[in-house]
Amino acid sequence: MSGLSFSYPYLLLILIVVPFLVVYTIMKDKKKYAHIKYSDFNQIKNAPKTWRVRFRLLPDWLRIIAITILIVAIARPHFSFSKHNKDVMGIDLVLALDVSPSMLAEDFSPNRLECAKKVAKDFILNRKNDQIGLVVFSGEAYTQCPPTVDYGVLIDLLSKTNCGDLEAGTAIGDGLAVAVNRIKDSKAKSKVIVLLTDGVNNSGQVDPLSSASFAKQFGIRVYTIGVGSKGKAMYPYRTPFGIQRQQMDVEIDEVLLKNIAAETNGKYFRSTKNSSLEEIFKEIDTMEKSIINVSSYQQNNDIGDKLCLIALLVILAECLLKYGILRTKY
């Protein structure tokens, strides 16, 4: 902790009025009572003073104290804290998430996309000190959230990710290329992309293996996840009579996903149900740990509001004394 400082120190100049208030209070007290001349004080010089007399100026002193505290409070005093450097476990990671319409298949509960979002959210909350970003792709790809340590914003954007917002298709190469571009210049010792898809590359401008080679050049490891039960899955589709469902074949280009992972020294996973997807993310979480140096700061501890509360209590005490037990009649 570096000590006490003020956001508006120039306001402390107002404290110059405090000595004048003290002098004014003393002078006012002397003129407050009538004066009677006596020739001899010997008979009354040892007369005891009552506690009302001794504390008659206490309300005035309390008012001056309250004014002083309020002046200090408006200058916004706060305690600042020093910087701390420490080594922690952390990586730079981008989640590339397929949001093509096929991700609405219901072989996962409630569907593939919602299951992936839930598991990804738990994965994010389990990380610490990592910069994590989110890229979504369908027939095209874009960055939903750049790498950040603000997990609240990241999770909020993840929750708002839906199918149908992008052009139809599955552009695995484009999704991977956008993710690589997001962390290729990172200085982190470990750079990772987790690419999750349930289909076959059938659109986009960039070949998936070219994107994988691009990732390899920048030392980025890619973990690929194929999502979907084997065989057939129930897909919802919209009709003039509402949502209908039908069985469709599950097609995942596992060979491509394995090649992408192998090219970047990553690993391929196949998930056929909710629990297996959770286990995959847990395995990735244990594999990707890297020591990085981070600087941590603690927010300034502003005590201005506490001083205002103290001043309010002092003013309340003044009123209770002045109009209560020390009330005078004249």
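The values are calculated or read from the model by the stated rules, or taken from the named source; none is laboratory data. No experiment lies behind these values; they were computed from the predicted model shown. A quick note on method: Cβ atoms are made from the backbone with ideal geometry, for glycine too, and the neighbour counts reach across all protein chains shown. Accessible surface is based on the protein model in full, side chains and every heavy atom, while ligands, DNA and RNA are left aside. Shrake-Rupley method; radii C 1.70, N 1.55, O 1.52, S 1.80 Å.
Structure summary
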{"item": "Residues within region 196-232 that are assigned to a loop (DSSP other than H, G, I, E, B) and of a type in the set (Val, Ile, Thr), tallied", "result": "2"}
{"item": "Hits in region 237-251 - residues which are part of a loop (DSSP other than H, G, I, E, B), farther than 16 Å from Asp98 by Cβ and either open to solvent by less than 100 Å² (accessible area, probe 1.4 Å) or of a type in the set (Ser, Thr, Tyr) (or both)", "result": "none"}
{"item": "Any hit, region 121-132, residues being among the aliphatic types (A, V, I, L, M) and outside any helix (DSSP H, G or I)", "result": "yes"}
{"item": "Residue in region 142-151 that is in a helix (DSSP H, G or I) and at pLDDT 90 or above present", "result": "yes"}
{"item": "The one condition in (1) open to solvent by 30 Å² or more (accessible area, probe 1.4 Å); (2) polar (S, T, N, Q); (3) touching a residue at least 24 places away in the same chain (Cβ under 8 Å) that Asn181 fails to fulfil", "result": "(3)"}
{"item": "Filtered residues of region 252-277 (kept if in a helix (DSSP H, G or I), open to solvent by 30 Å² or more (accessible area, probe 1.4 Å) and either touching a residue at least 24 places away in the same chain (Cβ under 8 Å) or of a type in the set (Lys, Arg) (or both))", "result": "Glu254, Lys258, Asn259, Glu263, Asn274"}
{"item": "Residue in region 219-231 that is most open to solvent (accessible area, probe 1.4 Å), counting only those that are of a type outside the set (Val, Ile, Thr) and closer than 23 Å to Phe281 by Cα", "result": "Lys230"}
{"item": "Ala188 more than 23 Å from Ser271 (Cβ to Cβ), aliphatic (A, V, I, L, M) and part of a loop (DSSP other than H, G, I, E, B)", "result": "yes"}
{"item": "Index of the failed condition, Pro240 passing every other in (1) in contact with a helix residue (DSSP H, G or I) (Cβ under 7 Å, 6 or more places away or on another chain); (2) modelled with pLDDT under 95", "result": "(1)"}
{"item": "Subset of region 158-177 [at pLDDT 90 or above, closer than 22 Å to Arg112 by Cα and either in contact with a helix residue (DSSP H, G or I) (Cβ under 6 Å, 6 or more places away or on another chain) or crowded, with 16+ Cβ neighbours inside 10 Å (or both)]", "result": "Leu158, Thr161, Gly169, Thr170, Ala171, Ile172, Gly173, Asp174, Gly175, Leu176"}
{"item": "Selected residue (criterion: farthest from Lys273 (Cα to Cα)) from residues of region 109-154 that are surrounded by 19 or more Cβ atoms within 10 Å (Cβ to Cβ) and in contact with a Lys or Arg (Cβ under 7 Å, 6 or more places away or on another chain)", "result": "Pro147"}
{"item": "Which numbered condition Lys187 misses (of (1) free of Cβ contacts under 8 Å to residues at least 24 places away in the same chain; (2) open to solvent by 50 Å² or more (accessible area, probe 1.4 Å); (3) within 19 Å of Leu113 (Cα to Cα))", "result": "(3)"}
{"item": "Tally, over region 190-218, of residues that are charged (D, E, K, R), open to solvent by 70 Å² or more (accessible area, probe 1.4 Å) and in contact with a Ser or Thr (Cβ under 7 Å, 6 or more places away or on another chain)", "result": "1"}
